[in-house]
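Before any comments, here is the structure.
The values are calculated or read from the model by the stated rules, or taken from the named source; none is laboratory data. Since this is a predicted model, take the numbers as computed values, not measurements. Counting neighbours? That spans all protein chains shown, and the Cβs are built from the backbone with ideal geometry, glycine included. The protein model used for the area step is the full one, side chains on, heavy atoms only, and it has no ligands, DNA or RNA in it. Shrake-Rupley method; radii C 1.70, N 1.55, O 1.52, S 1.80 Å.
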Amino acid sequence: AWDVLRVQGRGHDAMRELAVALQECRALRDKHLEAETLDRLGGIQHELGQMNEARNSLESALALAREQTDQPLEGRVLSYLVLIHHDQGRTDVANAMYDAGVALARQVQDRPLEARFLNNLANLRHQQGRFDEAWSLLEAALTIHRQTQNRSAEGLILGNLASLLTREGIYEEAIETYRRALAGLEKRPATIVLTEAELKDREAERIATE
């Protein structure tokens with residue numbers, strides 16, 4: 001199945017599987033399944049760096065989801081599509097989509113999806129130099145995961161908060177936040193291990209030069 005191939009790192013094989021599935025959906029005239037398949041295909045295309053193809057797949061999925069008035073699916077598609085516009089520098093479009101995505105997630109009461117939009121919007125805000133807004137958005141996402149008792153997602157958001165602190169040069173607080181993140185993760189990601197070690201080195205250098 002495509003999802004197994006994706007987990008195995010065989011993105012191109014997964015994409016071929018989904019392309020076949022898409023033809024079958026269209027032959028059956030099942031628009032809902034077609035939209036779901038396009039959503040999955042667009043996600044993999046995005047992961048493989050095929051931005052234009054991903055945008056085309058996701059825009060088609062979005063149109064079908066709206067035609068079927070499937071708001072949960074519309075929200076999931078938007079959560080991918082907004083990243084494409086963000087990555088391709090269409091900031092105004094991305095901003096509007098983030099706002100629409102958060103509103104839609106709240107309307108359908110999909111709290112994990114709301115947290116996903118907030119997390120991604122925080123990344124955009126920080127790239128725009130709006131640190132305080134980015135921090136507030138991540139804290140809002142963190143609150144959602146704590147309220148829904150999603151420890152793994154909570155750990156990932158804490159990791160993003162720590163990354164934000166790192167990029168701002170606030171190393172001591174970043175180290176503590178990384179430690180809190182690790183407590184919420186079942187598996188310790190190698191990137192966080194490396195980052196924590198690097199942060200300790202940077203903080204030692206800062207103290208030595210004072």
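The residue that is nearest to R125 (Cα to Cα), among those in segment 157-173 that are open to solvent by 70 Å² or more (accessible area, probe 1.4 Å) and in a helix (DSSP H, G or I), is R167. The selection criterion, being of a type in the set (A, V, I, L, M, F, W, C), at pLDDT below 85 and farther than 16 Å from N119 by Cβ, does not hold for I170. For segment 54-88, the set of residues classified as outside any helix (DSSP H, G or I) and within 25 Å of M15 (Cα to Cα) consists of Q68, D70, Q88, listed by residue number.
For first residues located in segment 10-30 and more than 18 Å from S60 (Cα to Cα), partners that are surrounded by 15 or more Cβ atoms within 10 Å (Cβ to Cβ) and of a type in the set (S, T, Y) and lie 6+ apart or on another chain with Cβ distances below 7 Å do not occur.
Would it be correct to say that N123 is free of Cβ contacts under 8 Å to residues at least 60 places away in the same chain and open to solvent by 60 Å² or more (accessible area, probe 1.4 Å)? Against the criterion (free of Cβ contacts under 8 Å to residues at least 60 places away in the same chain and open to solvent by 60 Å² or more (accessible area, probe 1.4 Å)), N123 qualifies. Taking every residue in segment 72-92 that is closer than 10 Å to L104 by Cβ and open to solvent by 30 Å² or more (accessible area, probe 1.4 Å) and pairing it with any residue that is hydrophobic (A, V, I, L, M, F, W, C) and outside any helix (DSSP H, G or I), at least 6 positions away or on another chain, the pairs with Cβ-Cβ distances below 8 Å are P72/V108. Report, by residue number, each residue of segment 7-55 that is more than 24 Å from Q68 (Cα to Cα) and either open to solvent by 90 Å² or more (accessible area, probe 1.4 Å) or touching a Cys at 6+ places or on another chain (Cβ under 7 Å) (or both). Answer for segment 7-55, where residues must be more than 24 Å from Q68 (Cα to Cα) and either open to solvent by 90 Å² or more (accessible area, probe 1.4 Å) or touching a Cys at 6+ places or on another chain (Cβ under 7 Å) (or both): V7, Q8, R10, H12, R16, E17, E47.
Of everything in segment 61-71, what is open to solvent by 50 Å² or more (accessible area, probe 1.4 Å) and either over 17 Å from L113 (Cα atoms) or within 17 Å of the chain's Cα centre (by Cα) (or both)? Give them in sequence order. Listed by number, the residues that qualify are A63, R66, E67, Q68, T69. The lone criterion from (1) at negative phi; (2) open to solvent by 50 Å² or more (accessible area, probe 1.4 Å); (3) free of Cβ contacts under 8 Å to residues at least 24 places away in the same chain left unmet by G129 is number (1).
Going through segment 98-116 one residue at a time, which ones are crowded, with 23+ Cβ neighbours inside 10 Å and in contact (Cβ under 8 Å) with a residue 40 or more places away in the chain? Result: A115, single match.
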